Structures are given as structure tokens and as C-alpha cells.
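The values are calculated or read from the model by the stated rules, or taken from the named source; none is laboratory data. Please read all numbers here as calculations on a predicted model, not as lab measurements. Note that we place each Cβ from the backbone using ideal geometry, even for glycine, and neighbour counts take in every protein chain shown.
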Amino acid sequence: MNILITGGAGFIGSTLADKLLNEGNKITVLDNFNDYYDVKLKEQNVGVNLNNPKYKLYRGDICDRELTEKVFSENNIDKVVHIAARAGVRPSLENPLEYVRSNIEGTVNILEKMKAHDVKKIVFASSSSVYGNCKADKFSEDLKVTEPISPYAATKSACEQILYTYSKLYGINTVCLRFFTVYGPKQRPDLAIRKFIELIEQDKPIPVYGDGTTMRDYTFIEDIINGICAAIDYDKTPYEIINLGGGSPVTLNEMISTIEEVLGKTAKKNYLPLQLGDVNKTVSDITKAKNLLGYKPKTSFKEGIRKFAKWRENEHV
């Protein structure tokens, strides 16, 4: 099977590519290697596979119609995992037009190429941010997501609707996966866990937004990858939205204390006001993922932090 992974040089995409290659699949990656964070990290992510005959890398933008046509015409793509997107809640407030272009226009372009080349399966990387400041005890897929509080979240919600339209009109089997705060080896350096670990190790203060009671449903990368792989194989229904979370939310204070315990160091804290676009909590209801995908997160938060810290030590990054 030949699987196209858009955004396949990033944290989640490259980890998925490694696993799918190990399982004997052909992998085609499209990534623009933008400078949202250090490009060297993305080069490291893809470097291990460049000599693999089953791995093919295209460098460029998902909005580039000529390039995406080349990707689809040169490869017999069976399925698409669409992860490429402008990431980050806070930066989307500063540059919303680029988020709309990349996330929405790019998704439509990929869908148009799938339609033209008769590719009938897509797994889309959505986000828990679509729930906004949801008041529910747990975020389930049947809740209305009409109140996103960042342009990033709004683009992800819009893409889910566009994907439904293409699924309905053209018979594209679609699974939209709402990821809940993914962390682990190869995590982006701008995300809190990696940033905090690196700052604490360097005896530098960590930025703590609010009073530390905000809550996130952290999900270890291996659990997310297992969920994506199950979604790639899922074909029982034409269109689904499914949460992939860790199932055990952690407050910011608990997250910091866990990192301190694993590292054996005390954090210096710089308390700051809550930022625009940040939600108060994310709490995943993963019942649907369990029922449809057999999804079952296996890594506790503390164990995930241990694994991540050990990876960083071994990689010297």
C-alpha cells in the first residue's frame, strides 16, 4: 500500500512514516519544511528514511497545485493521511490569513487531487481546539463546535465540514481525528512539555500562563500513532469524527511537578496572564475511538514524560 503523508517531516507525520515503513508500506511524503520551528529538526526526522527505496519525499506546499498534481500522478497513492497545516493557536492570531490559506485552501487542493486520481481514503488531523471553551465534563464528538476561539481552531473545524462535503459527493472514506495535546519523542520545540524540559534543564524560568489550573488531556505519541493506523484501516462508515486523547487530563501545575520529579530539578516559574486563544481545559471522551478503532491509550502521563526525557538524553537534542 502506498500512503501519502502530508506534513510527513513533522513530529506526528515522521513518527507515523517510520511505523508504516516498518510494516512494509510505501510512503510518499509532502512537506514544505517551513521555518515555524528549526528546520534542522525536520531534516533529522526524514533523514533516517531517505535511502529507503519505499520512501519518497517531495518538498513543497500543499497549496501548490502543480506540485500536488505531480505527487499524485507520479505515485499510485492508495490512501492519504493529511497532517500538513499551519500549527499553533497563538501564532494564528497574528497571521490568520496564512492559516486560512494553508489549512483550508491546502486541504481543498489535496481533496481535489484525490478526486481527480480516484483516491478514496483520507485520515485528517483535526484538533481538540475545535471544542473552544467547552463547559462539558468530557468533550464528545456529538457536541456542537460552533464557538472556536482562535483562527487555528476555526480552520480545523471548517476543514471537517469540507471533508464531509467531499465524502458525501465523491465517496471518499473519511476519518477526522481530533488530537488532544500530543507529546513525546520528536515533539515540536514550541510546545509546552518540550519547552519546559529544556528550560528547566538549563536553569531558566518557565512561562506559566494563569494560576496553573488550566487542564490538558495529554496524549503520548505512540498512542496517537496507533489510533491513526487504526483509522487508516477503518472502512465501516463513510465519514467519522473521532477523538484521540489520553483519557486522563492533567493540570498545568501537575504537568510541571511531574517534569520536576522526572528530571530531579525544581522549575523556576514566571507567572504570566492567560493568553488570547488558549482554552481553559481539554478533556477527551474516547468512547467512540475505543468502539470504532479499538483505541486504547497505554502510556500514563508520568511514563510518557520519562520516555520523552530519556529520548532527549539519547538524542542530545
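The figures follow:
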| quantity | calculated |
| --- | --- |
| Residue in the stretch 114-134 that is farthest from residue 289 (Cα to Cα), counting only those that are among the basic types (Lys, Arg) and surrounded by fewer than 20 Cβ atoms within 10 Å (Cβ to Cβ) | 115 |
| The stretch 71-101, subset surrounded by 21 or more Cβ atoms within 10 Å (Cβ to Cβ) and among the hydroxyl-bearing types (Ser, Thr, Tyr), residue modelled with the lowest pLDDT | 92 |
| Options 199, 191; residue that is surrounded by fewer than 19 Cβ atoms within 10 Å (Cβ to Cβ) and under 19 Å from residue 127 (Cβ atoms) | 191 |
| The stretch 267-314, subset over 29 Å from residue 133 (Cα atoms) and free of Cβ contacts under 8 Å to residues at least 60 places away in the same chain, residue surrounded by the most Cβ atoms within 10 Å (Cβ to Cβ) | 306 |
| Qualifying positions in the stretch 131-184 - in contact (Cβ under 8 Å) with a residue 60 or more places away in the chain, out of contact with any helix residue (DSSP H, G or I) (no Cβ under 7 Å at 6 or more places or on another chain), among the small types (Gly, Ala, Ser) and not in a loop (DSSP other than H, G, I, E, B) | 167 |
| In the stretch 273-317, the residues that are of a type in the set (D, E, K, R) and outside any helix (DSSP H, G or I) | 278, 281, 285, 296, 298 |
| Residue in the stretch 228-251 that is assigned to a strand (DSSP E or B) and more than 17 Å from residue 130 (Cβ to Cβ) present | yes |
| Some residue of the stretch 194-208 being at pLDDT below 95, within 19 Å of the chain's Cα centre (by Cα) and not basic (Lys, Arg) | no |
